[in-house]
Structures are given as C-alpha cells and as structure tokens.
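For reference, the structure discussed in these notes is given below.
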Amino acid sequence: MTDLDIRDAVPADILALHALIESAYRGEASRAGWTTEADLLDGQRTDPEELADIIAAEDQGLLVGWRGGAAIACVKYQRLTEGVGYFGMLSVGPALQSAGIGRRMVEAAEERLAARHGANRIRIHVFPQRDSLIAWYQRLGYALTGETAPFPYGDERFGLPRRDDLHFVILEKPLG
Ligand SMILES: CC(C)(COP(=O)(O)OP(=O)(O)OC[C@H]1O[C@@H](n2cnc3c(N)ncnc32)[C@H](O)[C@@H]1OP(=O)(O)O)[C@@H](O)C(=O)NCCC(=O)NCCS
C-alpha cells in the first residue's frame with residue numbers, strides 16, 4: 001500500500017469525512033466492511049459540528065488518508081494527560097478494508113501522538129461485543145487493561161443504542 005497520503009484535516013474536508021465515518025460505522029453501507037457498529041447502534045456516529053470542534057482543538061486532531069482525491073480513511077487523535085494519548089473514530093471506506101489501510105492509520109495516529117503530544121502510551125475504547133476488532137487491536141500491540149468506561153446514554157450525538165448494556169472496554173499500548 002504506497003498510494004495513501006495522510007494529512008491533517010482542514011474545515012473543507014468535514015463533509016467528506018462525515019460521510020466516510022458514517023459509512024464505516026453505521027447502517028447497511030457499513031456491513032460491506034468486516035467490522036461495524038451497525039448491530040449495536042442506529043443513528044449517527046458523529047456530526048459536522050463535532051468534527052469542526054476536533055479540528056479546531058489544541059489537544060486533538062483528525063488525520064485523513066487520501067487516495068486519488070478521495071478521503072478513504074481517517075482517525076481522531078487526542079492528548080489525554082501527560083504522556084497519554086488516545087485515538088478513535090478510526091474509519092476506512094467499507095469497500096477498501098482489509099488491505100492494510102487501517103493499520104497505516106493506527107501507526108500514523110501513534111506517531112502523531114508521540115511527536116506532537118509526547119505520548120508514551122496510547123489508550124483506546126472498544127465495545128466488548130466486538131471480539132474480532134479487539135483481536136485485531138491486540139495484534140497491533142494493544143492489551144485489555146481491565147478498565148471500562150460508560151456509554152453516554154441519552155446523548156443522541158453518539159447514536160441510538162440498540163441495547164441497554166453498552167459500555168466500553170479500555171485497551172492500552174506502550175509506545176516503544
Ligand atoms: C477497523 C477498521 C478501521 C480496520 O481497517 P482495515 O483497513 O480493514 O484494517 P487492516 O486492513 O489494516 O487490517 C484488517 C485486519 O482485519 C482482519 N480481518 C479481515 N477480515 C476479517 C474478518 N472477517 N474477521 C476478523 N478479522 C478480519 C485482517 O486479517 C487484518 O488483520 P491483520 O492485519 O492482523 O492480518 C475498519 O474495519 C473500519 O473502518 N471499521 C468500521 C469503523 C470501526 O469499527 N472502527 C474502529 C472502532 S474502535
């Protein structure tokens with residue numbers, strides 16, 4: 001995979017990014033990929049306002065993977081506390097998954113968090129129902145911490161849950 005250009009998002013990218021993220025996470029379109037949240041949540045994953053806030057924030061950003069003029073992948077990165085980074089909103093266009101792009105985006109987020117925010121460990125949040133996704137993150141060096149985080153029930157900006165027991169498990173990776 002050589003023809004992926006990874007750059008920081010700018011406001012002009014927001015509508016394309018929003019469409020990409022929704023297509024990867026939710027609804028029928030997402031089922032063309034190998035892993036999706038469509039069985040867990042309906043509604044939206046994010047909205048243009050949240051993406052604009054991320055791009056404008058000092059402690060966060062969005063990396064976008066471009067190919068042939070199309071935004072085909074993205075990842076949000078964020079400084080949590082001293083030495084600790086986080087990434088999320090990791091998305092690859094459903095028709096382009098399983099070709100190593102997701103791994104490239106994870107590596108780009110890790111590198112950015114280390115270089116810009118001095119991160120020496122990275123934490124991620126995943127729904128425990130997503131066994132194959134957790135297994136992939138484990139192959140990328142992430143380990144379950146035993147910690148959990150609540151799902152923000154009642155806030156439709158994060159989607160419409162299809163079950164009442166959603167929460168996240170937290171994985172962590174030390175950066176070499
Ligand atoms: C998660 C996601 C970003 C991965 O992107 P990707 O481009 O497919 O990632 P890669 O090609 O680098 O890796 C795919 C991995 O999945 C594995 N895989 C492919 N199909 C699979 C399947 N049906 N079941 C289990 N694993 C599978 C591949 O073997 C590969 O693992 P490996 O690199 O250890 O061999 C992408 O699936 C996506 O956008 N999903 C929807 C949004 C989402 O769930 N994001 C993460 C939320 S925390």
Per residue, in Å², the accessible surface of the chain once ligands and nucleic acids are set aside, probe 1.4 Å: 49
Cα gyration tensor, the chain - rounded (a/c under 1.5), prolate or oblate: rounded
Other-chain or far-sequence residues with amide H under 5 Å of Leu80's (modelled H): Gly85, Tyr86
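Take the solvent-accessible surface of the protein heavy atoms, probe 1.4 Å, and return the percent of it on the chain that carbon and sulfur atoms account for.
Values: 4310 of 8570 Å².
Its accessible area is 50 percent carbon and sulfur atoms.
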Cβ-defined net charge surrounding Gly88, 11 Å radius [Lys, Arg +1; Asp, Glu -1]: +3
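The values are calculated or read from the model by the stated rules, or taken from the named source; none is laboratory data. Computed from a predicted model, the values in this text were never measured in an experiment. Positions of Cβ are generated from backbone atoms using ideal geometry, with glycine treated the same way; all protein chains shown enter the neighbour counts. Remember, those area values only see protein heavy atoms, side chains included, never the ligands or the DNA or RNA. Shrake-Rupley method; radii C 1.70, N 1.55, O 1.52, S 1.80 Å.
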